[in-house]
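As structure tokens, the structure follows; a few thoughts come after it.
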Amino acid sequence: MGTLSASDRWQRLIDALALLGADSADQLAWIDKYQVVTDELALEFDDAFRLMAGFQEAMPLNEDAMGKLRLIDSVLDEMSGRENAGRWSREALATDAGWCQVRTLARDALVSLQGDWHLPLPDIVVVR
């Protein structure tokens, strides 16, 4: 992943935010389409967020956008751990306050970065 261009890194970030900002029904349809678990939503974001270190030099984001990304990362981190396993169920996507907060933050970030939050969900390749 270290060899991704700035535009590829940008697209990974936008795709990850599109996943997190999507309505829960769309998230579930995406999960079913690729036969992955709910965690994949957060993992896609985590990968994209970690790629931002090198990306910041090529195409810096404003502090407001970076703050939203950090907050999304923080909320997802707070939701992690065995004690929070129920928050990662399919049902929790629609009802859990953390997922609702992440969805709102992702939508806000997309609006500030792209002008719209309602974007097509990305295609992925699942290696099994």
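Counting helices only, and only those DSSP H runs with n ≥ 4, report the 222 nm mean residue ellipticity of the chain as the sum of -39,500 (n - 2.57) divided by its residues, in deg cm²/dmol to the nearest 500.
Estimated from H runs of four or more residues: -20500 deg cm²/dmol.
Under 8 Å for C-alpha pairs, at least 6 residues apart: give me the relative contact order for segment 10-128, rounded to a whole percent.
Answer for segment 10-128 is 42 percent.
Under the Kirkwood approximation applied to all pairs of distinct alpha-carbon atoms, what is the hydrodynamic radius of the chain in Å?
Evaluated over the chain, this radius sits at 14.8 Å.
Considering Cα pairs under 8 angstrom that are at least six residues apart, work out the relative contact order of segment 2-53 and quote it in whole percent.
52
In degrees, nearest 10, range 0 to 90: what is the angle between the Cα axis of helix 24-34 and the longest Cα principal axis of the chain?
Value to nearest ten degrees: 90.
State in Å² the accessible area per residue of segment 1-111; use a 1.4 Å probe, count heavy atoms of protein chains only, and round to the nearest integer.
50
The values are calculated or read from the model by the stated rules, or taken from the named source; none is laboratory data. Just so it is clear, the structure is predicted and the values come from calculations on it, not from any experiment. The area values use the complete protein model at the heavy-atom level, side chains included, leaving out ligands, DNA and RNA. Shrake-Rupley method; radii C 1.70, N 1.55, O 1.52, S 1.80 Å.
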